[in-house]
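Comments concern the structure below.
Each reported figure results from applying straightforward, stated rules to the coordinates on display, with no laboratory input. Given the structure is predicted, the values throughout are model-derived calculations rather than measurements. Positions of Cβ are backbone-derived with ideal geometry, glycine not excepted, and every protein chain shown enters the neighbour counts.
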Amino acid sequence: MQANIHNSGSKYKKKLFFFFFLIVLIFSLLIGGFQYHQEKAYRREKLEYALNIYTEQVQKLINKKGLLKKNSFSEIDSLRLLIPDRNIRITVLTVKGDVIYDSYVEKLSELDNHLQRPEVQKSLHTTKGSNIRLSGSTGQTYYYYSKYYYSHFVRTALPFNDSVMMFLKANNIFLYFLIGLFGVTVIFLIYATEHFGNSISKLRKFAINVAKNRPIDPNEDFGKTELGEISHQIVKIYRKLSQTKEALVREKEKLIMHLQIAQEGVAVFDKDRNLILWNSHFIDYINYLGNISTHNYQEIFELPELKEINKFINANIKKLKSNYIPNVDIISDKKTVIIGHKLFLYQVVVFQDCNFEISINDITKSENEKIIKQEMTLNIAHELKTPVTAVSGFLETIKDNPTMPEDKKIQFIERSCLQINRLSNLIKDISVLTKMEEAQQLFSVENINIRKILDEMIEDFELKLELSKMKIDLQIPRNLNITGNSELIDSVFRNLIDNSIKYAGKEVKVEIKNYFEDSNYHYFSYSDNGIGISEKHLPRIFERFYRADNGRSRKMGGTGLGLSIVKNAVSFHNGRIFVKPGKEKGVEFFFSLKKQLS
């Protein structure tokens, strides 16, 4: 009888052992295969990461030096010498696949089109691609990496030699470790089947550790008996509770971090108005609003600015409803002698547990920008309306009077052309101003010879200067150079000269001087001895659409944006501009331009 029981127990233990043995074996094979695949993928990604760095360095050089426009890539050879891997091959292709640079091939004309190369095709569809293949150009096998930059491709490659293959080869240490772990697990299974009662002690140990908040192994194996299943469910529940607790801790840390970096001031209070959570901006705003320097922040609810907020909180705490979170936005202003008028946005949210959140945001700048944009829009609409209305009137007059004399028609058409030119100049000036204020990165920076720009400009104005009998005295050295944007530098002097021609009068003398320089700046003066500008207008002449003589400016075709462009162009070059009446008559501008823009 005892022999039968022993045999039955022995068979059960063998079945149990064999069952767990298969599970562990399959699991180990899956983990080993997965890890082997991941290791190879990781090494390949690491290699491509290095090639991507080289590719980005080449791209930055192309953009910075404008190599595509120059169609000269010799500087890439210099960059290649700085790359640690001397075997690196760099290729630049056009979007059509033509090779315009290759560090390994000198006769580019003999190379065939590369658009159908596998790595190029991949990058064309996914911006980047790689491939291992034999090069048709050099007869050597490479690991290619290509990246598509919409206007061209940059491809880097390493010879697929022993060192690269060794680098891509997966590390087998984990497999050896996994085999060792598998052997240990088999021994453990033999032990576990011999000691089935171990599950009870493990469950007891698990329960004690949980009760006393001690560290436990959540992957503890309790077997596949009924007791093991119950134990497994207990562990599963414990895992979920632990994960939920950890998630709450992480979310709390995220919330605290967000509060500290948020631009608005945020604080959370309980129903008794005790401060629970806050950030530094909230403290700063409250100190500014109420001059509160103590830690008794219940005083803030007595501030006149928060009277409406306090009323809202009191009303909603008393009548909270399920599935409804009361909230309100309130805009208030604050005036001080030192800072002036400021606008604040207060946002209040009352939660279901009667806690509430108050956020304070300084919206002065955004509101002022909104007002400025509205004024700008109205001014643009007004300035556009005048030439459009004039052209429309001239053309309708011609249309409604088919018998009008030809000389009269020509006169109306010429006037229409003048208005269209004025409209074109206005749109051009608005475009330049907008670009300077909102997209300065679109302006290129280069070495500029100031005297050369002025000489060419005077040639452009030659006819107008003769008609107005104006003379320009240039006191600018011929070797005066700065690093900046030639278009904007041209607009500074062109607008100043154009204004003198239009408004200074006849037989005027203009002087342009480089009167001083230091280690960082060149300082210029521009003056004329014309009729000048009334001193009451000088503080506002750099404003958009401001005209000292509105009627005369419109008659001369001015847009009212010239001096605003001048000021913004000087600011782009980190300079400043001032204006004052001339010593005897006329007007004099003083401005500075930085020698080197970073």
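If I stretch the segment between E229 and H125 completely, what's the gain in nm (0.36 nm per residue apart, minus their alpha carbon distance), one decimal?
Values: separation 104, 0.36 × 104 = 37.44 nm, distance 5.08 nm.
So the extension gain works out to 32.4 nm.
Could I get the Rg over Rh figure for the stretch 467-544? Both from C-alpha atoms, Rh via Kirkwood, rounded to two places. Walk me through the intermediate numbers first.
Numbers: Rg = 14.1 Å, Rh = 14.2 Å.
We get a ratio of 0.99 for the stretch 467-544.
How high is the FRET efficiency between Y104 and N401 when r is their beta carbon distance and R₀ equals 60 Å, given to the nearest 0.05? Intermediate values should be presented prior to the final figure.
On the way: r = 75 Å, r/R0 = 1.25.
Rounded to the nearest 0.05, the efficiency is 0.20.
Beyond 20 Å between alpha-carbons counts as too far, so tell me which of K464/K506; K464/K585; K513/K585 fall in that bin.
Values: K464/K506 11 Å; K464/K585 22 Å; K513/K585 18 Å.
Violating the 20 Å limit, Cα to Cα: K464/K585.
Work out how much length F174 to T364 would gain on full extension: take 0.36 nm times their residue separation and subtract the Cα-Cα distance, in nm to one decimal.
62.4 nm
Can you tell me which of 574-583, 503-512 comes out highest on packing, and rank the rest after it, using the mean Cβ neighbours within 10 Å? Walk me through the numbers on the way to the answer.
Details: 574-583: 14.9, 503-512: 18.0.
In descending order of packing, they fall as 503-512, 574-583.
When each pair of different Cα atoms in the stretch 122-174 is counted once in the 1/r mean, what is the Kirkwood radius in angstroms, to one decimal? Before the final figure, lay out the partial values.
Values: mean 1/r = 0.0802 Å⁻¹.
After inverting the pairwise mean of 1/r, the radius is 12.5 Å.
Over 11 Å apart: what share of the alpha carbon pairs of the stretch 559-598 falls there, rounded to a whole percent? Numbers along the way, then the final one.
Values: 515 of 780 pairs.
The share of Cα pairs beyond 11 Å in the stretch 559-598 comes to 66 percent.
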